[in-house]
1. Sort out which residues of segment 58-97 are touching a Phe, Trp or Tyr at 6+ places or on another chain (Cβ under 7 Å) and either farther than 19 Å from Arg134 by Cβ or among the aromatic types (Phe, Trp, Tyr) (or both), and write them in order of number.
2. Which one of these does Ile36 not meet: (1) farther than 21 Å from Ala121 by Cβ; (2) modelled with pLDDT under 95; (3) not aromatic (Phe, Trp, Tyr)?
3. Could you grab me the full set of residues in segment 114-136 that are among the aliphatic types (A, V, I, L, M) and farther than 12 Å from Ile92 by Cβ?
4. Would you list the helices (runs of 4 or more DSSP H) that sit entirely within segment 11-90 and hold 3 or more residues that are among the small types (Gly, Ala, Ser) and buried (at least 17 other Cβ atoms within 10 Å of the Cβ)?
5. Can you say whether Gly119 is under 18 Å from the mean Cα position of the chain (by Cα), loosely packed, with under 15 Cβ neighbours inside 10 Å and in a helix (DSSP H, G or I), as far as the supplied structure shows?
6. Just to be sure before I move on: is Thr105 surrounded by fewer than 16 Cβ atoms within 10 Å (Cβ to Cβ) and either of a type in the set (S, T, N, Q) or part of a helix (DSSP H, G or I) (or both) in the structure I sent?
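The values are calculated or read from the model by the stated rules, or taken from the named source; none is laboratory data. None of the values given here were measured: they were computed from a predicted structure. Positions of Cβ are generated from backbone atoms using ideal geometry, with glycine treated the same way; all protein chains shown enter the neighbour counts.
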Amino acid sequence: MKTQINITPWGLRSVSWWITLLLAAGIIFIGIRFMIIPQVGATGFGISFSNTGDAVYGKIKGIRDAFSGLVLLPFLWMRMRRVTAWVFTTAIIVPTTDALIVLTTNGIHDTAHLMIHGGTALVMIITSILLFWRKD
């Protein structure tokens, strides 16, 4: 008698799928906010603009963030776990360098923004482990 193993495809029933989707949606929102109201985005990032001419850099950051989230959506939709895992894992460089930028600009005493960027990197590391954990 043959034993059948039923492995459900990665997707809606997976915690890693939902975490990845929520993080992608969050970074898309942050990117759009940076593009529409860059001053608010910069304050939320942890480094406010010195003058109104700096807003263009916020818009540049906004498109980077929006792209970082949007690039994951087709892979999630097609349930391509391994590709999602690799793209998601390489994107950890973004919140990590954001934390370093805040640290070198504001110093160690800006714990709120350091925790936001560092916490995001930590959640992404844990999610990456979950994404790679399952073997096909």
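1. Gly58, Lys59, Lys61, Gly62, Asp65
2. Only one criterion in (1) farther than 21 Å from Ala121 by Cβ; (2) modelled with pLDDT under 95; (3) not aromatic (Phe, Trp, Tyr) is unmet by Ile36, namely (2).
3. Leu114, Met115, Ile116, Leu130
4. Filter on segment 11-90 gives 15-36, 55-70.
5. yes
6. yes
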